[in-house]
Amino acid sequence: MTRPLEGIRIADFTVHAAGPFCTHMLSQLGAECIKIETALRPDIFRKPHAVYGRAGPATFDQVASNKLSVRLNLKHPDGVALAKQLVAVSDVAAESFRAGVMKRLGLGYDALRGVREDIVMVSVSSSGQTGPDSHFAGYAPLFGAWGGLGYLSGYRDGPPVEMRHVMDHSVGMNAALATVAALHKRRRTGKGSHVDVAAREVASSLVGDALAAASAGAAPERMGNDDPQRAPHGLYPTAEADRWLSLAVGTDAAWHRLAALMGQPGLGRDPRFSTAADRVANRAQVDAAVTGWSRTQQPETAAASLQRAGIPAHLSWRASDIVADPHMRARGAIVDVTETDGATRAAVGFPARFSGSDQPGMTRGTPELGEHEAYVFGDLLGLAQARIRDLIAERAIY
C-alpha cells in the first residue's frame with residue numbers, strides 16, 4: 001500500500017513558488033524530496049512576511065512542507081561536488097533559476113548526465129531554456145501578463161488583473177505532470193530527459209480558446225464574471241458583508257425556477273428575459289434583479305435553497321471555510337501537520353486519491369534550514385562526520 005512515486009528521490013534546487021510547488025506535488029505522491037538551500041541566499045519565501053493575515057512564511061510553509069532540507073553553497077567547488085553526489089543517487093534534479101544559471105554553476109544537464117546518465121532534469125523558467133526571450137527572469141504576475149491570461153482577467157471597464165499564486169501553482173502543476181511523463185519514458189526506454197517548462201507558455205495554454213478565436217479574426221476581451229452564453233452568471237452580494245453567492249443559470253427552466261424562488265415569477269415571463277440570448281443581451285437588468293434579491297438573503301440559506309431548486313450555486317468560500325469543511329477533512333484534502341517545534345497547523349493535501357494507497361500525502365511540516373543534513377550527507381552519501389565538519393568550516397555546507 002504505497003504511494004505512486006514511492007522510491008523516487010528528487011534533488012530540489014528550486015526557489016520561490018512555481019518550481020517548489022512542482023516538487024511539493026511530487027513529494028505528496030511519495031517521492032523523497034531534498035531541498036537544497038544556502039544561508040548565504042535563503043529562498044526569499046522562507047523569510048517571514050505578513051500575508052493572508054498571518055505574520056510568517058505562509059507561502060514557504062505550503063510549498064516546502066513534506067520536504068527534507070540541506071545546506072549547500074553552490075558557489076563553492078566542494079558544494080557543487082556534493083550537489084553532484086546527491087544527484088547521482090537521485091532520479092530527478094529540479095531547478096527554477098533563470099535559464100543558464102545551472103550550467104554556469106557547473107550543474108547543467110550535460111554535467112548532471114555525467115554523474116547519472118538517466119537523470120530527469122526539470123527546469124522551470126519564465127520563457128524556457130531556448131529562444132530569443134530565454135534570458136528574461138520573471139515572477140507570477142509577469143507570467144500571466146506575458147502569456148495573455150492577465151489581459152483576459154478582470155472587468156470590462158477595468159485594467160487587466162495580475163495573476164499571482166494561481167499562476168505559479170499552475171506552472172508547478174504542469175511541471176509535475178511533465179516530470180511524471182519523463183519518469184515514465186525513462187522506465188520504458190532507460191533514457192533520462194531534460195524537461196523544459198516555460199511559465200509564460202503555461203499561461204498561454206490556459207487561454208487556448210481565446211487564441212483560437214483571435215486566429216479567426218475575433219477580439220476576445222475581459223468579461224469579469226460574465227459568461228458569453230449564460231445570464232445570470234457570477235457573484236452576487238448577500239446580507240452578510242463580503243459573503244458572495246456564486247450562481248450560474250444555463251437553461252430557461254432554471255431561470256423560471258430562480259424567478260419563482262426570488263418571489264418574482266413575472267421575471268420568467270418577461271419578454272426581455274425569455275431566452276438565454278435575451279438574458280445575455282439584457283444582462284445588466286438581470287443582474288440588478290438578482291442582486292436586489294440576493295443582498296437581502298442569508299448566505300448559507302440562499303445557497304441551500306438554490307441548490308434544492310436545481311440551480312448551480314454556492315458561496316464563494318474563504319480559506320477558513322475550507323479548512324473547517326468536514327468533506328475536505330474526510331478526504332484528507334486538508335490535513336494537520338507537525339512542525340519541527342512541535343506546533344501543528346492545517347495544510348493542503350494532494351488533490352487526487354489512488355486506489356490501493358491510503359497513506360497520507362503530507363507527513364511533515366516545514367523543514368528548518370539544514371535540518372536533515374545528518375541523514376542526507378551521512379546516511380545517504382556516506383560522508384564521515386569529520387568530513388562534514390570540515391565542509392561546514394569551509395562553508396561548502398552553509
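Quick look at the values:
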| item | result |
| --- | --- |
| Cut-off 14 Å between beta-carbons: net charge of the residues surrounding T189, Lys and Arg +1, Asp and Glu -1 | +3 |
| Computed FRET value (nearest 0.05) for I44 with S134, which takes r as the C-beta separation and R₀ as 22 Å | 0.50 |
| Relative packing of 77-84, 196-203, which averages over residues the other C-beta atoms within 10 Å, highest first | 196-203, 77-84 |
| Listed candidates (1) 5, 24, 33, 24, 11, 2; (2) 5, 22, 32, 28, 11, 2, 0; (3) 4, 19, 25, 23, 15, 9, 4, 1, 0 - label of the one calculated as P(r) over Cα pairs in 10 Å bins from 0, in percent | (3) |
| The chain, relative contact order [Cα under 8 Å, separation at least 6], % | 19 percent |
| Rounded if a/c under 1.5, otherwise prolate or oblate - the stretch 316-368, Cα gyration tensor axes | oblate |
| Neighbourhood charge, 12 Å Cβ-Cβ cut-off, centred on P20 and excluding it, Lys, Arg +1 and Asp, Glu -1 | -3 |
| DSSP-defined antiparallel bridges as percent of all bridges, the chain, nearest 5 | 45 percent |
| Per-pair calculated FRET efficiency, R0 = 41 Å: R164 and R272 via Cβ, rounded to 0.05 | 0.60 |
| 11 Å beta-carbon shell around G138, net charge (K/R +1, D/E -1) | 0 |
| Gain on full stretching of the segment that runs from S215 to W317 - 0.36 nm per residue minus C-alpha separation | 33.1 nm |
| For the stretch 117-177 and the stretch 348-398, distance of Cα centres in Å | 29 Å |
| Acute angle (nearest 10 degrees) that the helix 283-294 long axis makes with the longest principal axis of the chain, alpha-carbon atoms | 90 degrees |
| Burial order of peptide ranges 321-330, 295-304 (average beta-carbon count within 10 Å, highest first) | 295-304, 321-330 |
| Over the chain: helical MRE at 222 nm, DSSP H runs n ≥ 4 each giving -39500 (n - 2.57), nearest 500 | -10500 deg cm²/dmol |
| Nearest-20 debye value, the stretch 273-398 charge dipole, Cβ charges on Lys, Arg, Asp, Glu | 600 debye |
| For the stretch 123-129, Karplus couplings with θ = phi - 60° (6.51, -1.76, 1.60), whole Hz, Gly/Pro x | 10, 10, 8, 4, 10, x, 8 |
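Each reported figure results from applying straightforward, stated rules to the coordinates on display, with no laboratory input. The structure presented is a predicted model; accordingly, all values stated were derived computationally and were not measured. We place every Cβ from the backbone using ideal geometry, glycine too, and count neighbours over all the protein chains shown.
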